[in-house]
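Novice: Here you go, one structure.
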């Protein structure tokens, strides 16, 4: 599904419009989702940069000396727990492995809701 972004010349905000199919031409009848103005222009879309787990770990740094942003990535909590359990010689329970996997996929809310953790 293509997503087009339009910048509003009235309020200055950007609206994202989803289309079921790629249109041959950019539809001219778009309106701002925020103020309703018809004075919109197609804006360049933002680009996502996808990094591998290895690249994220490299950028995050060592769990023994975490940097300022280390804990902003939920997968680093799991990485730290894995390292500590390994050092202690403790087998990680399957339930914890599952939760770490979900955190790495960005499903932290799902973990807290389903596990009853508050």
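Novice: If I model a spin label at residue 11 and residue 46 as a point 7 Å from the Cα along the Cα→Cβ vector, what separation in nanometres do I get?
Specialist: 1.8 nm
Novice: How long are the three semi-axes of the equivalent ellipsoid of region 26-68, in whole Å, if each is the root of 5 times an eigenvalue of the C-alpha gyration tensor, listed from largest down?
Specialist: Equivalent-ellipsoid dimensions as semi-axes: 43, 13, 6 Å.
Novice: Between residue 59 and residue 83, what's the calculated FRET efficiency when r is the beta-carbon distance and R0 is 22 Å? Round to 0.05.
Specialist: The formula returns an efficiency of 0.80 here.
Novice: Show me 88-101, 40-53 ranked by packing, highest mean number of other Cβ atoms within 10 Å first.
Specialist: Details: 88-101: 11.9, 40-53: 9.9.
Ranking the peptides 88-101, 40-53 by packing returns 88-101, 40-53.
Novice: So, by mean Cβ neighbours within 10 angstrom, what's the order for 15-21, 76-82 with the highest one leading?
Specialist: Working: 15-21: 11.4, 76-82: 17.9.
Peptide ranking by packing, descending: 76-82, 15-21.
Novice: A further question follows. Label-point separation (nm) for residue 71 and residue 29, each offset 7 Å from Cα along Cα-to-Cβ?
Specialist: 5.3 nm
FYI, it's all coordinate maths here, none of it is from the lab. Just so it is clear, the structure is predicted and the values come from calculations on it, not from any experiment. Ideal geometry is used to build each Cβ from the backbone, glycine not excepted, and the neighbour counts take in all protein chains shown.
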